[in-house]
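The values are calculated or read from the model by the stated rules, or taken from the named source; none is laboratory data. The shown structure was predicted, so the numbers you read here are calculated from the model rather than taken from an experiment. Cβ coordinates were reconstructed from backbone atoms using ideal geometry, including for glycine residues, and neighbour counts include every protein chain displayed.
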Amino acid sequence: MTEVSGIEEFGNATRMTYFQLADDWRSATGKDVSVAVIDSGIDTTHPDLAGKVVDSVEARVDKKKVVFDPSDAGDSAGHGTACAGIISRIAPDTKLHSIKVLGAGGLGDGMAFLAGLEWAIKQRYHVINLSLGTTKPQFFAPLHDLLDRAYQAGCIVVAAANNLPQPSFPSVFSSSLISVVKSAETDPLNFGFHYGEIIELTAPGVNIRTPWPGGGHRNLTGNSFACPHIVGVIALLLEKHPDLTPFHVKSALYAIAKENQNQNS
Amino acid sequence: MSDSYESDLPAKLQRLIETIDIANVLTDPLTRSIEDLLRATAADIKSEEASVLIRDGDEGDLRFLSAIGKVAERLIDMRVPAGKGIAGFVLSSGQPMAVSNVEQDDAFYAEVDKATGYSTETILATPLRYEGEVIGVLEYINRSGDPPYEAFTPDEMDRAARFADAIASLVHAYESAKLFRDMSQMIIGGESEFDVSEVRDWLAGFRGGAEHKEMMDLAVIVREIAGRGEAERRMCREVLDAMLKYTDDKTETSFLSY
């Protein structure tokens with residue numbers, strides 16, 4: 001049982017319990033939870049992902065607007081397949097939705113992923129995996145707006161930090177999404193939460209064995225691969241506790257990470 | 001004599017300019033500096049093969065600009081299509097990544113290895129950014145010594161990201177110099193496909209356009225205000241910034257068509 005309470009670091013205010021989280025999520029499989037992977041597409045023919053991807057769409061520019069068509073283009077870069085593989089390994093019954101915005105022709109980089117995010121929010125997928133980011137300042141305001149919309153729609157957006165000297169959006173936004181940086185930890189449930197830091201969550205992201213287009217596997221390192229670990233954990237939580245709001249989920253992650261920290265020490 | 005000297009002068013100047021290798025003067029010091037940086041940074045992260053790929057065209061294709069290592073010469077100017085392979089992904093996503101256990105027998109974009117005969121086993125790729133834009137990709141491939149090679153570490157990824165900033169500035173300078181070089185070559189070299197009169201016509205048409213006249217009028221007004229003093233300049237800037245923000249807010253509503 002995890003007690004999800006008010007954040008203790010705020011002075012000596014009375015600690016308030018928000019809710020109690022039964023441990024049954026640890027044995028969940030992500031059943032009935034929908035997860036969007038906004039990325040380079042997913043190789044749906046990979047044995048690790050057989051039957052896991054329920055639909056795939058691809059961004060296309062039509063008369064200066066972005067539209068999404070059903071896609072059988074798979075994954076030309078490998079990144080989306082890797083992220084999907086990680087989510088699926090942690091939460092094997094999760095329904096994956098591939099939104100291909102990278103490698104799709106004719107789109108500016110930032111515009112493509114903004115459109116993908118807006119599409120995912122419109123579909124009201126439970127969790128959105130965003131292992132992408134931009135440092136272009138012109139996307140700051142529109143991304144903020146989209147993430148507020150996601151929050152209001154109850155979609156939980158998880159974004160990878162870029163781990164570069166410049167801040168990247170949206171991972172530096174703290175209020176309405178969950179941002180993740182890689183750690184050398186290997187157990188997906190033993191993640192960390194660093195309240196007060198710009199990127200709050202740490203999850204496995206070093207030398208992660210992942211499926212790769214064409215049927216093989218790769219060992220990958222990057223914040224991009226820490227992000228789907230947290231997405232997988234959220235899928236487990238949501239299966240057992242489907243009424244959790246984005247705020248609840250963040251609080252729950254914090255409480256679980258605190259338990260992890262106590263156990264590790 | 002003076003008449004003859006003056007009439008010869010343009011021709012002499014042209015010949016003089018033609019003897020200067022503009023390509024070398026403008027871009028070579030920069031490509032050499034990029035190579036030097038590649039060599040120094042590769043040594044720092046225990047690799048001997050490194051390359052810089054730059055964005056080529058508007059579709060997200062990449063082209064090898066610079067490389068060090070065994071197959072460096074074969075890599076230069078080789079292209080990677082948009083979104084292909086690890087470099088293509090790093091360019092379009094802006095996310096650095098390290099990949100090990102890169103086998104040759106599946107869908108990894110292996111065209112570069114096939115063309116060079118080199119075997120990529122472990123790779124670290126990080127975006128090159130200049131003023132928020134991803135302008136290319138910096139890659140380090142394999143390790144010093146013999147295989148099997150250890151995967152690149154998170155600490156090395158962080159270091160590579162910092163190297164990428166320095167290299168990106170040089171790449172940007174190279175691109176600017178190349179633009180100037182190409183234009184100079186076209187004009188001085190008198191290449192047949194380049195007709196100066198066409199440029200003049202285009203410029204005349206541009207200047208004659210109603211929109212251009214309006215923009216010039218606006219520029220004249222701004223210049224006049226700016227000339228009145230510091231306070232006026234600040235006020236003008238604030239008003240224009242507010243207007244820009246207002247028009248941005250009006251247009252940024254949806255990114256989709258429905």
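Screening A:Glu58 with (1) farther than 27 Å from A:Pro242 by Cα; (2) within 22 Å of the chain's Cα centre (by Cα); (3) loosely packed, with under 14 Cβ neighbours inside 10 Å gives one miss only, at (3).
Inclusion of B:Ala98 among residues that are of a type outside the set (Val, Ile, Thr) and modelled with pLDDT of 90 or more is warranted.
List the strands (runs of 3 or more DSSP E) inside segment A:191-265, counting only whole elements, that have at least 1 residues being touching a residue at least 60 places away in the same chain (Cβ under 8 Å).
Numbers: elements: A:201-204, A:208-212, A:216-221.
Answer list for segment A:191-265: A:208-212, A:216-221.
Checking A:Asp243, A:Asp187 one by one, the residue that is modelled with pLDDT of 90 or more and farther than 20 Å from A:Ala82 by Cβ is A:Asp243 and no other.
Where strands (runs of 3 or more DSSP E) fall wholly inside segment B:42-134, the ranges with 2 or more residues that are in contact with a strand residue (DSSP E or B) (Cβ under 6 Å, 6 or more places away or on another chain) and β-branched (Val, Ile, Thr) are B:49-56, B:122-130. Screening segment B:140-152 for residues that are within 14 Å of another protein chain (Cβ to nearest Cβ) and in contact with an Asp or Glu (Cβ under 9 Å, 6 or more places away or on another chain) and picking the one that is modelled with the lowest pLDDT gives B:Pro148.
Count of segment A:69-89 residues, restricted to those that are crowded, with 24+ Cβ neighbours inside 10 Å and not small (Gly, Ala, Ser), is 6.
Of the strands (runs of 3 or more DSSP E) contained entirely in segment A:33-139, those carrying at least 2 residues that are modelled with pLDDT of 95 or more and more than 9 Å from chain B (Cβ to nearest Cβ) fall at A:34-39, A:53-62, A:95-100, A:127-130. Does A:Gly154 satisfy being crowded, with 24+ Cβ neighbours inside 10 Å and either in contact with a Phe, Trp or Tyr (Cβ under 6 Å, 6 or more places away or on another chain) or within 25 Å of A:Ser34 (Cβ to Cβ) (or both)? It is false that A:Gly154 is crowded, with 24+ Cβ neighbours inside 10 Å and either in contact with a Phe, Trp or Tyr (Cβ under 6 Å, 6 or more places away or on another chain) or within 25 Å of A:Ser34 (Cβ to Cβ) (or both).
Would you pick out the residues in segment B:56-74 that are at pLDDT below 90 and surrounded by fewer than 22 Cβ atoms within 10 Å (Cβ to Cβ)?
Quick first cut of segment B:56-74, residues at pLDDT below 90 only: B:56-61, B:70-74.
Those that are at pLDDT below 90 and surrounded by fewer than 22 Cβ atoms within 10 Å (Cβ to Cβ): B:Asp56, B:Gly57, B:Asp58, B:Glu59, B:Asp61, B:Lys70, B:Val71, B:Ala72, B:Glu73, B:Arg74.
To keep it simple, each residue is scored yes or no on (1) farther than 20 Å from A:Gly30 by Cβ; (2) at pLDDT 95 or above.
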| site | (1), (2) |
| --- | --- |
| A:Asn223 | yes, no |
| A:Pro228 | no, yes |
| A:Gly232 | no, yes |
| A:Ala252 | no, no |
| A:Lys258 | yes, no |
| A:Gln261 | yes, no |
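For segment A:12-32, give me each residue that is of a type in the set (Gly, Ala, Ser), part of a loop (DSSP other than H, G, I, E, B) and over 20 Å from A:Ala120 (Cβ atoms). Outline the logic, then answer.
The first filter runs over segment A:12-32 and keeps only residues of a type in the set (Gly, Ala, Ser), leaving A:13, A:22, A:27-28, A:30.
Checking which are part of a loop (DSSP other than H, G, I, E, B) leaves us with A:13, A:22, A:28, A:30.
Once the filter is applied, which keeps residues that are of a type in the set (Gly, Ala, Ser), part of a loop (DSSP other than H, G, I, E, B) and over 20 Å from A:Ala120 (Cβ atoms), segment A:12-32 yields A:Ala13, A:Ala22, A:Ala28.
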